[in-house]
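Before any comments, here is the structure.
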C-alpha cells in the first residue's frame, strides 16, 4: 500500500513541478507540445491527470530539455531543478591567472571568505610574506612595470590577513625552503643578502602573526600537493599556471579539505617549530 501512495505522491509532484517550470519559462501547453513532439492533449493530460501513472522516460526527458530543468527534478529524485550541465557550470569555473597575484579575482575570493579559515599550498613561497627585494627579483624580469603591482598586491594581501578575521594555514614542501636557502633550482642565482632578509621576514611574521598565521612544512617524498587554496567551505581553487580552476561543490571541497588536513597532520615541521627551522636555514647560509 505504501508503494502505491508513494507513486501517487510522485505523480502529483511531477504535475506540480511541470506546471511550475512551464510558468517560469512562460511556456504554453501548445508550445511545449511543439518542442517535445507530442500532442497538445498529451501535455494537457500530464498536467490534469490525478492518477498514479508517470509518463514514459522519453516524454519526461523531452519536457525537461524543453524547459531547461533536470529529469531527476521533475521526477522528485532531486531538489535541484538545474540540469547536469548547469550544475557543472556552476560548480566549476576557469579563470585566467596572471604571472603574479595582481588581479582583482584573488581579492574577490578572499573577501567572499572573510571570517573563514583560508588554507593555502603556494606554488613557490607565499607572495604575501615576501620582501620587496624578493618580489622584484622574482617578477621584475618578466613583468617590468607590472612588478610594482605585484608588490602592492602582496602587501595588500598581508594587510587584509591582519584585519579580515580569517585564520591562515599554509602548507609547503620542505624542499622549497631548502632550495631557497641554498639558492638552487628555481632560486638559482638569488643573492645571499635577499635570502637572509627574506628568512628574517619569515621568522618575524611567523612569530608575530601566530596563531592567526600557521605555516607547516611537509615531506614531499611522502606527500604531494598541487598549488591550491581552500576558502573555507565555499571554494577550492587550483593554480594551474595560466589559469585558476575553481570548485564550489561541497563534496569536492570536502575531499581537498581532507587532503590539506593530511598535509598538516603529517607535517615534518609544525607551525611552532618553524621559527627554529628558519633560524637553522639562516645559520647555514652565514
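The values are calculated or read from the model by the stated rules, or taken from the named source; none is laboratory data. Just so we're clear, the structure is a prediction, and the values are computed from it rather than from any experiment. In this analysis, Cβ positions are derived from the backbone assuming ideal geometry, glycine residues included, and neighbour counts consider all displayed protein chains.
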Problem - Condition check for residue 45: under 30 Å from residue 236 (Cα atoms) and either at pLDDT below 70 or not assigned by TED's automatic domain parsing to the domain that holds residue 249 (or both) - result: no
Handout entry: residue 179 being touching a helix residue (DSSP H, G or I) at 6+ places or on another chain (Cβ under 6 Å) and at pLDDT below 95
Key = no
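Okay, residues lined up against (1) closer than 12 Å to residue 74 by Cα; (2) in a loop (DSSP other than H, G, I, E, B); (3) at pLDDT 90 or above:
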{"residue": "4", "(1), (2), (3)": "no, no, no"}
{"residue": "12", "(1), (2), (3)": "yes, no, no"}
{"residue": "18", "(1), (2), (3)": "yes, no, yes"}
{"residue": "30", "(1), (2), (3)": "no, no, yes"}
{"residue": "50", "(1), (2), (3)": "no, yes, no"}
Exercise for the section: Answer with yes or no whether residue 263 is in contact with a helix residue (DSSP H, G or I) (Cβ under 7 Å, 6 or more places away or on another chain), within 15 Å of residue 118 (Cα to Cα) and either touching a residue at least 12 places away in the same chain (Cβ under 8 Å) or surrounded by 13 or more Cβ atoms within 10 Å (Cβ to Cβ) (or both). Expected result: no
Exercise for the section: Consider residue 199 carefully, then state whether it is in contact with a strand residue (DSSP E or B) (Cβ under 6 Å, 6 or more places away or on another chain), surrounded by 17 or more Cβ atoms within 10 Å (Cβ to Cβ) and in contact (Cβ under 8 Å) with a residue 40 or more places away in the chain. Expected result: no
Problem - Matching residues, region 44-56, being under 41 Å from the mean Cα position of the chain (by Cα) and under 14 Å from residue 10 (Cβ atoms) - result: 54, 55
